[in-house]
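A quick write-up on the structure given underneath.
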């Protein structure tokens with residue numbers, strides 16, 4: 001790189017010192033700042049926008065609502081509200097939102113949330129045909145469900161379409177310290193602690209892209225897995241110019257890390273092992289993180305490591321700035337931390353360029369997203385959403401046709417109130433509900449022996465349905481539950497049932513759990529198996545039933 005003094009020497013040598021004297025001094029670039037937009041929100045955690053729509057910005061609120069900022073004004077009625085089969089609080093809730101690349105034609109979008117039992121869910125929704133400011137309340141289709149019941153933390157939170165048009169999902173490791181006792185993150189047969197890659201099927205469900213690294217019977221691991229060895233990849237993104245993958249992976253007790261996987265050389269993380277829970281950052285993490293270096297062979301080390309000793313606590317992954325109006329940060333990856341008062345940035349592939357951005361003050365950072373024109377927005381859990389401002393805000397000329405030739409007035413919503421997915425609105429208005437005819441019946445013996453064949457449950461749906469059954473074992477002494485030394489879980493069963501035809505389900509239990517149960521029964525303890533069965537029909541209607549089974553010798 002040629003510096004200013006070197007340029008001056010060259011011009012003087014060429015006899016052009018007169019040009020230097022006459023040329024005006026370049027104006028000092030204005031420091032970037034954050035400009036609040038849309039007012040105050042309730043626990044916002046993420047922001048994004050429909051492709052091609054320069055008028056709208058969508059704000060995801062953890063409590064289950066997505067709100068619309070249109071032309072800088074927040075509409076009164078939400079874009080959607082999720083209530084049925086949903087839970088929030090702590091690290092749970094509505095955490096992510098992604099619009100299909102063909103949203104303009106299909107009107108499909110995908111929400112990432114935790115359901116009533118704590119499991120991770122991605123569901124498909126559809127925008128209303130007559131309005132860009134709400135979804136169809138009667139349309140909700142399950143795409144993928146991932147069990148997550150060991151703990152309420154480490155739920156991941158981002159769902160995003162990559163440059164290849166596939167849907168990527170970042171899942172946490174299941175919670176607990178150092179991913180114990182199951183160690184899901186390093187286990188490629190588990191969907192926890194992973195970056196997943198799927199192809200959603202319009203109308204619900206998904207298929208596996210044939211180029212996924214572990215797809216097919218010859219490769220060990222779940223076909224959905226794209227990358228593994230992650231602790232809690234709460235926020236990840238793809239560079240809109242290069243396709244590079246960036247993951248902010250929340251650390252345990254010592255290191256917060258940012259992972260960078262180039263698209264051109266590494267397929268944006270295809271098959272990568274990011275090291276957890278063998279390593280935390282560049283340090284060994286088994287049995288606990290100390291000062292020993294990570295010696296794991298073949299893993300991908302972090303691009304940026306942020307020590308807790310410097311008061312970092314929870315890294316929040318961001319985006320590579322491609323907004324031409326913010327020239328000061330062009331091409332830099334912008335990110336932050338929940339416990340830090342300012343954002344940071346660095347140049348991709350050059351960690352030594354990492355720096356604090358002193359003019360970008362934040363509190364309780366929860367997410368950084370882009371709108372359809374690439375303008376960057378910063379979300380703070382306390383309620384603020386702000387646009388990254390470089391002092392010369394460019395005009396976003398992207399426009400999509402509005403239904404009816406225009407748009408509803410600011411604050412207007414659909415007749416009868418906001419769109420609600422699965423329940424009533426907070427204002428007490430009734431949602432539009434699809435006819436529900438799905439019925440579920442459970443049967444099977446109430447007392448059973450726990451053998452290698454597992455527990456028997458019989459199920460029947462009133463119409464064709466997709467079924468998921470799972471459960472847990474507990475040991476009681478009188479009215480008090482006894483903590484078991486190993487996880488006593490019942491393995492899941494997935495099945496498609498025909499209308500009206502009963503099916504016998506066998507839920508297997510591990511050998512270690514069977515041994516614990518036998519010892520408890522021999523000591524006169526009472527052992528119960530609580531089995532939960534959930535079914536969905538083709539319209540997305542959900543039914544749940546629970547059966548308690550007492551085990552005997």
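The values are calculated or read from the model by the stated rules, or taken from the named source; none is laboratory data. This is a predicted model, so every value here is computed, not measured. With ideal geometry, Cβ positions are generated from the backbone for all residues, glycine too; neighbour counts draw on all protein chains shown.
Quick notes on this structure:
- The residues of region 86-95 that are touching a strand residue (DSSP E or B) at 6+ places or on another chain (Cβ under 7 Å) and assigned to a strand (DSSP E or B), listed by number, are 92, 94, 95.
- Residue ID - modelled with the highest pLDDT, chosen from residues in region 262-279 that are surrounded by fewer than 24 Cβ atoms within 10 Å (Cβ to Cβ) and not in a loop (DSSP other than H, G, I, E, B): 273
- Some residue of region 167-179 being in contact with a helix residue (DSSP H, G or I) (Cβ under 9 Å, 6 or more places away or on another chain) and on the phi < 0 side of the Ramachandran plot: yes
- Residues in region 242-261 that are part of a loop (DSSP other than H, G, I, E, B) and in contact with a strand residue (DSSP E or B) (Cβ under 7 Å, 6 or more places away or on another chain) were compared, and the one that is nearest to residue 210 (Cα to Cα) is 244.
- Residue match in region 266-286 (condition: in contact (Cβ under 8 Å) with a residue 60 or more places away in the chain and over 19 Å from residue 227 (Cβ atoms)): yes
- Matching residues in region 366-385 - criterion: being touching a strand residue (DSSP E or B) at 6+ places or on another chain (Cβ under 7 Å) and over 12 Å from residue 47 (Cβ atoms): 381, 383
- Residues of region 349-373 classified as touching a residue at least 60 places away in the same chain (Cβ under 8 Å), in a loop (DSSP other than H, G, I, E, B) and either under 20 Å from the mean Cα position of the chain (by Cα) or crowded, with 18+ Cβ neighbours inside 10 Å (or both), total: 4
- Subset of region 74-85 (residues that are at pLDDT 95 or above and either in a loop (DSSP other than H, G, I, E, B) or not assigned by TED's automatic domain parsing to the domain that holds residue 367 (or both)): 75, 76, 77, 78, 79
- Residue match in region 322-339 (condition: closer than 25 Å to residue 165 by Cα, outside any loop (DSSP other than H, G, I, E, B) and more than 21 Å from the chain's Cα centre (by Cα)): yes
- Filtered residue count, region 165-183, keeping only those that are buried (at least 24 other Cβ atoms within 10 Å of the Cβ), in a loop (DSSP other than H, G, I, E, B) and at pLDDT 90 or above: 3
- Top-ranked residue in region 461-492 [being at pLDDT below 75 and part of a loop (DSSP other than H, G, I, E, B); ranked as nearest to residue 439 (Cα to Cα)]: 488
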